[in-house]
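I have placed the structure first, in the form of structure tokens, so that the comments after it can refer back to it.
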Amino acid sequence: GKSSLLSKMRGALVGSLAGDCLGNPFQTKGEFVSKSVLDHYLIGLQDPNLKVPYKPYTDDTAMTKNVVRSLLECKGYNPKDMAVRFVEEYKKDPKRDYGERVVNVFARLNMEGYEDPYRPAREQFDKQGSFGNGAAMRVAPVALYFCHNLEKCLEVAEEQARLTHFNWIAIMGAVLQSSAVFHALNCKEGAKLEAVEFVNKLRESIERIVDREEKTECLIKTTESYQDKLNKVLVFLKKSDPTPEHVADELGNGFSALESVHTAIYSFLKAVKETGDAKEKIFCQSLFNAIWIGGDTDTIGAMTGAISGAYVGFENINSILAAHLEDKDTVVKLADGIAEAVSE
Ligand code: 8NA
Ligand code: MG
Ligand code: MG
Ligand code: MG
């Protein structure tokens, strides 16, 4: 019903915020955090007596908020408006750990006056475009806004990616992540989530996008890599105790979209399996899984949190934990704005 949709939308955006804020302190280059340290951290944040400064968000949330604002203000996708919002947000508040090279796209957009908002991204990296996960990390609101229309969700996920990321790897990552959030949001209440079924839906989304596009060598290669890795997600879900090193090696934990989106999907599905699909446990467990794998923990955390939050709903995200997140109330209001827009 209407209230469950609202709860799932809040869950998705607060979930993404939580993954960003809580994953951020654990970004690593090589070392992994121990299970007990991470457990202690996440359990501690659910203690009502703990007084600590709020956990700040990073680029992931800064951009996600502006995807929402643009969709709401324009009543749909408007490339120029969204590009302007990304740039103005960055100018207002640049110290949010943006990707090293995406800031060059912002500078060129600003300089060129948004005449063609896709051009700066297209010309980056010798016209190969960025393969970073920056287009996937911010895409959750697209799945929320187009929650009744998968075709449109995937199309806008693809288009918004191109504002900053022209490489198929980055675009496909945004498509895959949008599909994961879409299907988590649209899971029927009470129905058990089957990993194989969920992954098959993600495969179909990738194929839908490929069907509409010119079959360049790059697209074919990227698609194969994405589908192969979805297989690996299922293989890893069957393993009893994979080490974080092993998961990082095989599924990835880096800032390429192909090294991170699958890891977020795996972190979510693993939590569903580990908790026996117990909604009140899934969210925290999924963040645990994501952060434990190390590397780009804020972004993999944000993507994992968006999927699992959309699945379990806001009431299954611990409210004491949520109170530690910078700007949580703003994010809740943005989710409510989308819920209102889609029910009109
Ligand atoms: P991006 O487009 O700058 O790409 C991220 C990184 O990937 C950059 O260092 C690029 O140089 C590299 N890269 C991307 N495409 C190519 C290519 N075709 N050839 C060679 N190198 C390439 O930024 P983004 O928006 O995709 O980045 C998202 C990630 O960066 C997220 O993890 C986000 O949180 C942020 N991040 C920031 C920091 C920080 O401390 N500033 C640390 C980690 C991640
Ligand atoms: Mg970040
Ligand atoms: Mg960061
Ligand atoms: Mg990151």
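The values are calculated or read from the model by the stated rules, or taken from the named source; none is laboratory data. Predicted model only: the values in this text are computed from it and were never measured. Neighbour counts are summed over all protein chains in view; Cβ atoms, including those assigned to glycine, are modelled from backbone coordinates with ideal geometry. In case anyone asks, the SASA skips ligands and DNA or RNA and just uses the protein heavy atoms, side chains included. Shrake-Rupley method; radii C 1.70, N 1.55, O 1.52, S 1.80 Å.
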Inset, instruction - Find the residue count for the stretch 232-255, including only residues that are under 19 Å from Gln177 (Cα atoms) and open to solvent by less than 80 Å² (accessible area, probe 1.4 Å). - result: 12
Inset, instruction - May I ask you to verify whether Ser343 is open to solvent by 20 Å² or more (accessible area, probe 1.4 Å), at pLDDT below 95 and not aliphatic (A, V, I, L, M)? - result: yes
Legend entry - Residue count, the stretch 180-209 (criterion: of a type in the set (Gly, Ala, Ser), modelled with pLDDT of 95 or more and under 15 Å from Lys8 (Cα atoms)): 2
Legend entry - Residues that are surrounded by fewer than 24 Cβ atoms within 10 Å (Cβ to Cβ) and within 21 Å of Ala184 (Cα to Cα), drawn from the stretch 131-152: Phe146, Cys147, His148, Asn149, Leu150, Glu151, Lys152
Inset, instruction - Evaluate the stretch 8-19: report whether one residue or more is open to solvent by less than 70 Å² (accessible area, probe 1.4 Å), touching a residue at least 12 places away in the same chain (Cβ under 8 Å) and more than 16 Å from Met303 (Cα to Cα). - result: no
Legend entry - Selected residue (criterion: farthest from ligand 3 (Cβ to nearest atom)) from residues of the stretch 112-130 that are open to solvent by less than 20 Å² (accessible area, probe 1.4 Å) and closer than 15 Å to Met82 by Cα: Pro117
Legend entry - the stretch 256-287, residues that are more than 14 Å from the chain's Cα centre (by Cα) and under 15 Å from Gln177 (Cα atoms): Leu269
Inset, instruction - Filter the helices (runs of 4 or more DSSP H) completely within the stretch 234-344 down to those with at least 2 residues that are touching a residue at least 40 places away in the same chain (Cβ under 8 Å) and within 16 Å of ligand 2 (Cβ to nearest atom). - result: 261-274, 279-292, 297-312
Legend entry - Members of the stretch 77-98 that are open to solvent by less than 50 Å² (accessible area, probe 1.4 Å) and over 24 Å from Cys153 (Cβ atoms): Val87, Asp93, Arg96, Tyr98
Inset, instruction - Inspect all residues belonging to the stretch 53-70 and state whether any of them is part of a loop (DSSP other than H, G, I, E, B), away from ligand 1 (no atom under 13 Å from the Cβ) and either open to solvent by less than 40 Å² (accessible area, probe 1.4 Å) or of a type outside the set (D, E, K, R) (or both). - result: yes
Legend entry - Conditions (1) in a helix (DSSP H, G or I); (2) touching an Asp or Glu at 6+ places or on another chain (Cβ under 9 Å); (3) more than 14 Å from ligand 1 (Cβ to nearest atom); number of the one not met by Phe32: (1)
Inset, instruction - Kindly indicate whether any position in the stretch 183-200 is within 22 Å of Ser267 (Cβ to Cβ), under 16 Å from the mean Cα position of the chain (by Cα) and of a type outside the set (A, V, I, L, M). - result: yes
Inset, instruction - For the stretch 101-111, state whether one or more residues are without any contact (Cβ under 8 Å) to a residue 12 or more places away in the chain, within 25 Å of Tyr57 (Cα to Cα), surrounded by fewer than 16 Cβ atoms within 10 Å (Cβ to Cβ) and within 16 Å of ligand 2 (Cβ to nearest atom). - result: no
Inset, instruction - Would you point out which residue out of Leu38, Leu17, Leu71, Leu42 is in contact with a Phe, Trp or Tyr (Cβ under 9 Å, 6 or more places away or on another chain) and within 16 Å of ligand 2 (Cβ to nearest atom)? - result: Leu17
